[in-house]
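Below is one structure, written out as structure tokens; comments come after it.
The values are calculated or read from the model by the stated rules, or taken from the named source; none is laboratory data. Everything numeric here is computed off the predicted structure, so don't read it as measured data. Cβ coordinates were reconstructed from backbone atoms using ideal geometry, including for glycine residues, and neighbour counts include every protein chain displayed.
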Amino acid sequence: MRRYTPARFTDVKLTGAFWRERLDTVLARTVPSQHRQLAAHGILESLKLPKPVPPVSIPPNRHNFTTQIFWDSDVGKWIEVASYALAHKRDAEIEAQIDAVVEDLAKAQLPDGYLNCWYIQRELENRWTNLRDNHELYNAGHLLEGAIAYYQATGRRRFLDIMERYLDHIAETFGTGPGQKRGYPGHPEIELALVKLYHLTGDKRRLDLAAYFVNERGAKPNYFDIEAEARGDDHYWAGTHEYSQSHKPVREQDKAVGHAVRAMYLYTAMADLAAELDDAALKRACERLWEDITTKRMYVTAGVGPSAHNEGFTKDYDLPNDTAYAETCASVALILWAQRMLNLDLEGKYADTLELALFNGALTGLSRDGEHYFYDNPLESDGSHTRWAWHPCPCCTMNASRLIASVSGYFYATSADSLIVHLYGGTETTLDVAGTRVGVMEESDYPWSGAVSITLTPEAETEFGLKLRIPGWARGARAKVNGEEIDVAANTVNGYLGIRRRWAKGDRVELDLPMRPERVYANPQVSADFGRVALRRGPLVYCLEQADNPGIPVRQTRLPRNSEVRALARNDLFDGATLLTAEGKAIDDDGWQRALYRTEPPRERPATLTAIPYFLWNNRGPGPMQVWIAEEV
């Protein structure tokens, strides 16, 4: 069923200013600072299994649970980020740091292959007794992804060999055979890593193990109930197995429920397996769940999971702004899922959501200085929400940075006889298309401008299809090949402009994707946004931040419906950014100092409103912000 294969991030070079700046920041500042934080918080030391065993440094939460159990996963994700960095630029110091971690993991690994530093050091007798909560398989998945990335970047197999031994142990422990546990991860992740390993090695045992974990999920009786009874746990703190999407078999699921990150990782694995195993039922389930999320449960920024209570989903159209959780990890995982759906069907709706999440829900998670983060991403703030340098559960730190460090892998894909361009922003690559090597140079100032130029350089004249994404917001798009106009509307199917011809060296395609400032309205059932409007230009959602509106309380603004919204290029701000401005109104506080209510309406005064891209907010210190603005009809 897999029809399209993404280009490897190592095969695509970022040349455009927007992504090059982000990548350079991750390489120069984020990777080193994260290593310092891992050391400062005892995470690297924990891999050495120090004796005597030190006390737990992160106190248990209200569920008697410490996030210290996840530390192995943080190490795995850092190795993955650092390896992506090495693929862009080799660095002996970073390689030495990774090798030191790998040596510690090699020494910690048990003779039977088991490798989880928390359990080996503190409670080995309890390993594999609480898959529901304690993340052993999730940790293994992130370690495996780190090992794969390090091998791809350097060719060194030591870490990968360690993880292969661990996988052999896991495969012996779990399954439907005699003496095996019928368990699966409480937090999906290892499934994605196993499919990656299958792509790398061709070892079908790894694909089979991923399929087992997905197929077993939600089977009756529920395995999490069986293991809880065995350990004498008669109270599930989450209350329902919807929290881990194990309430019913995956092919029967049609509503996004529970923890948002777990859900996104599970759906990504389902799409992966649908592609690899030609599983139509898994594909249909993914399509149902996609429809549910994108039409009833997703923020305008592509954030998902509104509630801090379960870090996840609640009910249809429940999308509060000031309390929005919208975890950075969930948007990153939504991007992973969208890319897998594109592998199945070249549907523009998947690419549109991927891009929306990339530029808004996920990119906001990492500051411009590369060393501060958002875990949750509200769409409105009174100024109390701010970025932090580290977190007791630092999952989002490495998730945001590993996305940026590997973002080049989301731009292109190939099929048997076509080259597909999903994203724009300045890239160079050479890919195999229709039996020949084709050089591609894409030039643009995206996302600030929709003017795109693509030059193709096949080794020999070759006929193949070129499919260029026309974003859903790009109404009135135009295209030319070697200066000759192409009928975009007539040649666009499911959001992709198809151009099939015999291509020669130097052939040039020009795209004009109009980036007009737009107003966006929410479904009336989203009560938090009733009577409000959001602003968007191209792939970017905008917000009012206090720093750009001095003297105008942003939460006391109104935007008349007939007010023109204009784009304003600001080369002096954030190394160049396009802002939006409009003539609006500000509600005056005068006369309200001693009144909570009164019969006279508040006075208004004219005000010029200035909005910045949402991903840039809170880079100049905390302050009030809002995405949704009250609209005056």
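Could you please let me know if R29 is outside the structural domain of P447 (by TED's automatic domain parsing) and under 30 Å from I454 (Cβ atoms)?
Details: outside the structural domain of P447 (by TED's automatic domain parsing): yes; under 30 Å from I454 (Cβ atoms): no.
No: the conditions fail for R29.
Considering only residues that are hydrophobic (A, V, I, L, M, F, W, C), under 22 Å from Q245 (Cα atoms) and free of Cβ contacts under 8 Å to residues at least 60 places away in the same chain, which ones fall in the range 178-213? First the steps, then the outcome.
If we filter the range 178-213 for residues that are hydrophobic (A, V, I, L, M, F, W, C), which is where we start, we get 190, 192-195, 197, 200, 207, 209-211, 213.
Still in the running and under 22 Å from Q245 (Cα atoms): 190, 192-195, 207, 209-211, 213.
Listed by number, the residues that qualify are I190, A193, L194, L209.
Would you confirm whether or not the range 468-477 contains a residue that is in contact with a Phe, Trp or Tyr (Cβ under 6 Å, 6 or more places away or on another chain), under 20 Å from Y412 (Cα atoms) and crowded, with 21+ Cβ neighbours inside 10 Å?
Step one: list which residues in the range 468-477 are in contact with a Phe, Trp or Tyr (Cβ under 6 Å, 6 or more places away or on another chain), which gives 469.
Okay, now just the ones that are also under 20 Å from Y412 (Cα atoms), so 469.
Subsequent filtering for residues that are crowded, with 21+ Cβ neighbours inside 10 Å retains 469.
Within the range 468-477 (the criterion being in contact with a Phe, Trp or Tyr (Cβ under 6 Å, 6 or more places away or on another chain), under 20 Å from Y412 (Cα atoms) and crowded, with 21+ Cβ neighbours inside 10 Å), the answer is yes, since at least one residue qualifies.
Identify, by number, the condition in (1) crowded, with 24+ Cβ neighbours inside 10 Å; (2) in contact with a Pro (Cβ under 6 Å, 6 or more places away or on another chain); (3) not aliphatic (A, V, I, L, M) that S331 doesn't meet.
(2)
Rundown of residues vs (1) in a helix (DSSP H, G or I); (2) modelled with pLDDT of 95 or more; (3) surrounded by fewer than 17 Cβ atoms within 10 Å (Cβ to Cβ), yes/no style:
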site: Y166; (1), (2), (3): yes, yes, no
site: G183; (1), (2), (3): no, yes, no
site: L197; (1), (2), (3): yes, yes, no
site: R205; (1), (2), (3): yes, yes, yes
site: L209; (1), (2), (3): yes, yes, no
site: P221; (1), (2), (3): no, yes, yes
site: D225; (1), (2), (3): yes, yes, yes
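Would you be able to tell me the number of residues in the range 414-444 that are outside any strand (DSSP E or B), of a type in the set (S, T, N, Q) and crowded, with 22+ Cβ neighbours inside 10 Å? Break it down stepwise before answering.
Restricting attention to the range 414-444, the residues satisfying the condition of being outside any strand (DSSP E or B) are 415-417, 422-426, 434-435.
Now narrow it down to the ones that are of a type in the set (S, T, N, Q): 415.
Next cut, crowded, with 22+ Cβ neighbours inside 10 Å only: none.
Result for the range 414-444: 0.
Residue check, F411 against (1) under 24 Å from R570 (Cα atoms); (2) of a type outside the set (S, T, Y); (3) surrounded by 22 or more Cβ atoms within 10 Å (Cβ to Cβ), all met but one. Which one?
(1)
Can you tell me which of (1) at pLDDT 95 or above; (2) of a type outside the set (A, V, I, L, M, F, W, C); (3) assigned to a helix (DSSP H, G or I) is the one K48 doesn't meet?
Result: K48 passes all but (3).
Tell me the strands (runs of 3 or more DSSP E) entirely within the range 484-528 that contain at least 2 residues that are touching a strand residue (DSSP E or B) at 6+ places or on another chain (Cβ under 6 Å). Steps first, answer last, please.
Details: elements: 484-486, 496-503, 507-512, 518-520.
Ranges flagged: 496-503, 507-512, 518-520.
Mind listing just one residue for me: the one in the range 152-164 that is part of a helix (DSSP H, G or I) and free of Cβ contacts under 8 Å to residues at least 60 places away in the same chain and, of those, farthest from D203 (Cα to Cα)?
The first filter runs over the range 152-164 and keeps only residues part of a helix (DSSP H, G or I), leaving 152-154, 158-164.
Those still in the list that are free of Cβ contacts under 8 Å to residues at least 60 places away in the same chain too: 158, 160-161, 163-164.
Working: R158: 18, L160: 13, D161: 14, M163: 14, E164: 11 Å.
Among those that are part of a helix (DSSP H, G or I) and free of Cβ contacts under 8 Å to residues at least 60 places away in the same chain, it is R158.
Name every residue in the range 1-19 that is over 17 Å from A351 (Cβ atoms) and either of a type in the set (S, T, Y) or touching a Lys or Arg at 6+ places or on another chain (Cβ under 8 Å) (or both), in order of residue number.
M1, T10, L14, T15
Could you check V257 against (1) assigned to a loop (DSSP other than H, G, I, E, B); (2) assigned by TED's automatic domain parsing to the domain that holds Q152 and say which number it fails?
Of the numbered conditions (1) assigned to a loop (DSSP other than H, G, I, E, B); (2) assigned by TED's automatic domain parsing to the domain that holds Q152, the odd one out for V257 is (2).
For the range 488-547, which residues satisfy the criterion of being of a type in the set (G, A, S) and either assigned by TED's automatic domain parsing to the domain that holds A577 or farther than 30 Å from D432 by Cβ (or both)?
Going through the range 488-547, the residues of a type in the set (G, A, S) turn out to be 489-490, 495, 498, 504, 506, 522, 527-528, 531, 534, 538, 547.
Of everything in the range 488-547, those that are of a type in the set (G, A, S) and either assigned by TED's automatic domain parsing to the domain that holds A577 or farther than 30 Å from D432 by Cβ (or both) turn out to be A489, A522, S527, A528, G531, A534, G538, A547.
Which is at pLDDT below 95, closer than 21 Å to Y373 by Cα and either among the acidic types (D, E) or within 24 Å of the chain's Cα centre (by Cα) (or both), of L38, L86, L27? Please lay out each step first, then the result.
Numbers: L38 fails: at pLDDT below 95; L86 fails: closer than 21 Å to Y373 by Cα.
Going through L38, L86, L27 in turn, the sole match is L27.
Checking the condition assigned to a helix (DSSP H, G or I) and out of contact with any Asp or Glu (no Cβ under 9 Å at 6 or more places or on another chain), which residue from V56, V31, V26 passes?
The match here is V26.
Please give the number of the condition A351 fails out of (1) in contact with a strand residue (DSSP E or B) (Cβ under 7 Å, 6 or more places away or on another chain); (2) at negative phi; (3) surrounded by fewer than 24 Cβ atoms within 10 Å (Cβ to Cβ).
Looking at each condition in turn, A351 falls short on (3).
Only one of (1) within 21 Å of F359 (Cα to Cα); (2) touching a residue at least 60 places away in the same chain (Cβ under 8 Å) is not met by N523, so which one is it?
With (1) within 21 Å of F359 (Cα to Cα); (2) touching a residue at least 60 places away in the same chain (Cβ under 8 Å) applied to N523, the lone miss is (1).
Take A362 and decide whether it is small (G, A, S), modelled with pLDDT of 95 or more and assigned to a helix (DSSP H, G or I).
Details: small (G, A, S): yes; modelled with pLDDT of 95 or more: yes; assigned to a helix (DSSP H, G or I): yes.
Answer is yes for this residue.
Quickly run through the range 298-317 and pick out the residues that are assigned to a loop (DSSP other than H, G, I, E, B) and within 21 Å of Y521 (Cα to Cα).
Across the range 298-317, the qualifying residues are Y299, V300, T301, A302, G303, G305, P306, K315, D316, Y317.
Pick from the range 80-107 the residues that are of a type outside the set (D, E, K, R) and within 12 Å of L44 (Cα to Cα): which of them is surrounded by the fewest Cβ atoms within 10 Å (Cβ to Cβ)? Lay out the reasoning, then the answer.
First, the residues of the range 80-107 that are of a type outside the set (D, E, K, R): 81-88, 92, 94, 96-98, 100-102, 105-106.
Checking which are within 12 Å of L44 (Cα to Cα) leaves us with 97-98, 100-102, 105.
Working: Q97: 20, I98: 24, A100: 12, V101: 21, V102: 21, L105: 25.
Result: A100.
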